[in-house]
1. Please sort 108-118, 27-37 by packing, taking for each peptide the average over its residues of neighbouring beta carbons within 10 angstrom, highest first.
2. Using a 7 Å offset from the Cα along the Cα-to-Cβ direction at both Arg91 and Thr23, what is the distance between the two label points in nm, to one decimal?
3. Which length gain, in nm to one decimal place, applies between Phe75 and Phe52 when the Cα-Cα distance is subtracted from 0.36 nm times their residue separation?
4. Would you grab the residues whose amide H sits under 5 Å from the one on Asn60? Only those 5+ places off in sequence or on another chain, please, with H modelled 1.01 Å from N.
5. Which value in Å does the Kirkwood hydrodynamic radius of the stretch 34-103 take, with 1/r averaged over all unlike C-alpha pairs and then inverted?
6. Report the paramagnetic label zone for Ile141: residues of the stretch 22-60 whose backbone N is under 19 Å from a point 7 Å from Cα along the Cα-to-Cβ axis.
Amino acid sequence: ATFSLWREELKRALRDLQGEDHTPTRLGLAVAVGLFIGSQPIFGLHLVLVLFVCLKLRLNAVLSYVAANISNPFFAPALITAEVQVGGRIRTGQWPRLDREIQAGYGAFVDFAGHLLVGAPITGVALGILGFTCTWSFVSIK
């Protein structure tokens, strides 16, 4: 077996992406980070943010990126709806009505965007807590 610098560097990079240890707490944190980042409406930046945060904190970036894909095309409509609902409730004290036609215009866009910007981080934290709890519980089972 000959020494290959490329193979050794690839192994090192994979070790770095998988984090330091695989305790229930650290795996739960990786999932929580992924769910939080993935639930933010910053499409196209999820991978970069997951890599940045996970490499800095030495968390499992592979697991975190899988969790960040919560914003996939199948689940994103429900996720965005939940974020707008949470943001609307916080901003106005009422749940936004989705059972009627949305009036087009600048005001409707501002309301939607405002609700989303307020609701996304809160929804992300809730999903992160849920993901941490489920992951920690599952990994802790012996």
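1. Numbers: 108-118: 15.2, 27-37: 26.2.
Those peptides, ordered most packed to least, come out 27-37, 108-118.
2. Computed distance between label sites Arg91 and Thr23 equals 4.1 nm.
3. Numbers: separation 23, 0.36 × 23 = 8.28 nm, distance 2.44 nm.
Answer, rounded to one decimal: 5.8 nm.
4. The list, which skips near neighbours in sequence, is Ala30.
5. Details: mean 1/r = 0.0742 Å⁻¹.
So the Kirkwood estimate lands at 13.5 Å.
6. 23-29, 31-32
Only the coordinates and a few stated rules stand behind these numbers; no lab work does. Being a predicted model, the structure only gives us computed values, none of them experimental. Glycine gets a Cβ as well: all are built from the backbone with ideal geometry, and neighbour counts include every protein chain shown.
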